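Note sheet for the following structure.
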Amino acid sequence: MMMKGGNKVLARSLMTQTLEAVKRKQFKKFHAASSEEQATIERNPYTIFHQALKNCEPVIGLAPILKGGRFYQVPVPLSDRRRRFLAMKWMITECREKKHRRTLMPEKLSQELLQAFHNQGPVVKRKHDMHKMAEANRALAHYRWW
Amino acid sequence: MLKGVTRLVSRVHKAKHEEKHEGQHYNLPLQDMKTIFPHGLPPRYAMQMKTFNEACLMVRKPALELLHYLKNTNFAHPAVRYVLYGEKGTGKTLSLCHIIHFCAKQDWLILHIPDAHLWVKDCRDLLQSSYNKQRFDQPLEASVWLKNFKTTNERFLNQIKIQEKYVWNKRESIEKGSSLGEVVEQGITRVRNATDAVGIVLKELKRQSSLGIFHLLVAVDGVNALWGRTTLKREDKSPIAAEELALIHNLRKMVKNDWNGGAIVMTLSQTGSLFKPRKAYLPQELLGKEGFDALDPFIPILVGNYNPKEFESCIQYYLENSWLQHEKAHTEEGKKELLFLSNGNPGQLERLCAYL
């Protein structure tokens with residue numbers, strides 16, 4: 001999803017720059033913190049990345065089901081791969097759309113990943129919104145036949 | 001404090017670097033870095049300095065060789081020219097910084113041009129020089145350089161007195177016997193005259209270093225810019241030759257070895273160079289015929305990739321600062337992979353380790 005027009009080189013370099021940015025920010029926080037907090041600060045960019053995406057995965061999703069001429073948004077369980085796909089998609093679209101013209105993608109992505117790692121930020125909010133919509137439409141759950 | 005392969009904890013004074021210290025990292029105090037290097041550090045190294053909160057340089061063979069020559073210079077002879085050359089990313093600029101730090105500690109006057117390529121490209125305002133109608137002035141670059149020069153050499157500026165009267169314009173002039181600091185101030189405040197101020201500084205330093213009051217180190221990074229083409233154009237879109245820029249003209253006079261009392265250390269650089277092929281790194285290719293003849297009796301010093309000991313030392317340094325966070329980086333296979341991917345090239349290794 002990062003890749004556009006098959007430009008894998010660019011996508012790869014953006015990802016490596018993001019990981020580097022995440023690492024440098026965490027190091028800065030590490031050096032500024034006291035020794036008790038230093039044990040809690042995670043500096044491995046890969047663990048931060050995986051944990052952040054795990055925090056953004058929705059548990060339940062909505063599917064449009066046609067019944068009696070109308071489409072109803074029915075809460076539906078999502079498969080593992082669909083959840084991972086949605087987490088990544090939300091993260092990338094969020095970074096692409098909601099950034100200032102002059103900020104670069106690695107910079108913005110690193111910011112969002114760190115926020116998602118701490119369960120804050122817009123992507124985690126979108127996951128919560130999805131859960132709330134599913135909860136609101138609970139009554140329609142019996143429209144699902146699979 | 002020396003870190004690295006053998007993990008010696010003793011503090012070795014800069015001047016006593018011997019062959020046995022090769023491959024070990026030397027810690028530089030951050031306060032020194034701010035005064036001696038307001039400009040001139042490679043950008044990735046500056047980022048690394050900020051992240052680790054310390055500045056560590058590896059002691060390597062080319063730098064040791066140069067330090068040995070500098071310690072044994074005969075100041076009565078004309079200044080010797082040393083050229084650091086090598087492929088991209090092998091550590092030429094950092095070796096130059098090592099030399100500069102050494103000379104600053106020995107109380108030499110440092111004339112450091114961080115990157116001569118910045119003066120021959122992307123200049124916003126070119127003024128026609130008031131001193132010589134054929135040449136062009138670059139006020140911005142000159143004033144920035146003067147500010148940094150002032151930070152590096154504060155203490156010398158009051159001691160050195162100029163020996164000639166210079167007239168800036170109808171109302172302002174500098175008398176004979178006033179200090180160099182005033183010339184620098186004039187260049188910084190009156191940006192229009194900054195290029196001429198730079199020219200005066202260079203001329204005076206060259207003249208007075210032969211007297212023996214101070215030792216002068218001229219350190220130029222990217223010296224191949226002085227004899228190459230420029231991307232600057234006049235208003236009628238005709239290209240400007242490097243000769244026609246006043247800054248470049250004065251710098252060429254500076255690297256000629258007709259003065260004594262110091263040394264000239266230069267680095268070739270393909271990275272910022274204009275109209276040169278990417279794989280070119282030898283002096284003949286990058287300097288061209290004109291540059292090579294102008295620099296002719298010089299001592300070339302090849303800066304190469306890391307040998308296995310230096311590579312190991314670099315990895316140890318990163319591991320000590322916990323820069324390599326990936327689990328597999330600690331293993332033997334991980335190190336072999338890194339060696340293969342970077343081919344021992346310091347620049348490549350640094351970029352690889354940045355995201356691991």
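The values are calculated or read from the model by the stated rules, or taken from the named source; none is laboratory data. No experiment lies behind these values; they were computed from the predicted model shown. Backbone-built Cβ (ideal geometry, glycine too); neighbour counts: all protein chains shown. All accessible areas refer to the heavy atoms of the entire protein, side chains included, with ligands and DNA or RNA removed. Shrake-Rupley method; radii C 1.70, N 1.55, O 1.52, S 1.80 Å.
Is it true that B:ARG155 is under 30 Å from B:PRO29 (Cα atoms) and modelled with pLDDT under 85? Here the answer is yes, as B:ARG155 does meet what is asked. The residues of region B:163-188 that are of a type outside the set (D, E, K, R) and over 25 Å from the mean Cα position of the chain (by Cα), listed by number, are B:GLN163, B:TYR166, B:VAL167, B:TRP168, B:ASN169, B:SER173, B:ILE174, B:GLY177, B:SER178, B:SER179. State yes or no: is B:ARG60 of a type in the set (D, E, K, R) and surrounded by fewer than 21 Cβ atoms within 10 Å (Cβ to Cβ)? For B:ARG60, the condition - of a type in the set (D, E, K, R) and surrounded by fewer than 21 Cβ atoms within 10 Å (Cβ to Cβ) - is not met. Could you grab me the full set of residues in region A:54-66 that are open to solvent by less than 50 Å² (accessible area, probe 1.4 Å) and not in a helix (DSSP H, G or I)? Across region A:54-66, the qualifying residues are A:GLU57, A:PRO58, A:GLY61, A:LEU62, A:ALA63, A:ILE65.
The condition of being open to solvent by less than 60 Å² (accessible area, probe 1.4 Å), under 30 Å from B:LYS50 (Cβ atoms), within 14 Å of chain B (Cβ to nearest Cβ) and modelled with pLDDT of 90 or more holds for only one of A:ARG43, A:ARG24, that being A:ARG24. Of all residues in region B:324-333, those satisfying the criterion of being within 14 Å of chain A (Cβ to nearest Cβ) and open to solvent by less than 100 Å² (accessible area, probe 1.4 Å) are B:LEU324, B:GLN325, B:HIS326, B:ALA329. Scanning region B:334-356 for residues that are of a type in the set (Gly, Ala, Ser), under 26 Å from the mean Cα position of the chain (by Cα) and away from chain A (no Cβ under 13 Å) yields B:SER342, B:GLY344, B:GLY347.
A single entry from B:GLU310, B:GLU290 fulfils the requirement of being acidic (Asp, Glu), open to solvent by 70 Å² or more (accessible area, probe 1.4 Å) and either assigned to a helix (DSSP H, G or I) or modelled with pLDDT of 85 or more (or both): B:GLU290. Checked against the criterion of being touching a residue at least 24 places away in the same chain (Cβ under 8 Å), surrounded by fewer than 18 Cβ atoms within 10 Å (Cβ to Cβ) and not in a helix (DSSP H, G or I), the candidates A:GLN73, A:GLN51 yield just one match: A:GLN73. Criterion applied to B:THR271, B:THR231, B:THR267 was being of a type in the set (Ser, Thr, Tyr) and open to solvent by less than 10 Å² (accessible area, probe 1.4 Å), and the one residue passing it is B:THR267.
Here is the figure for region B:259-287: residues that are closer than 26 Å to B:ASP122 by Cβ, over 14 Å from the mean Cα position of the chain (by Cα) and hydrophobic (A, V, I, L, M, F, W, C) total 5.
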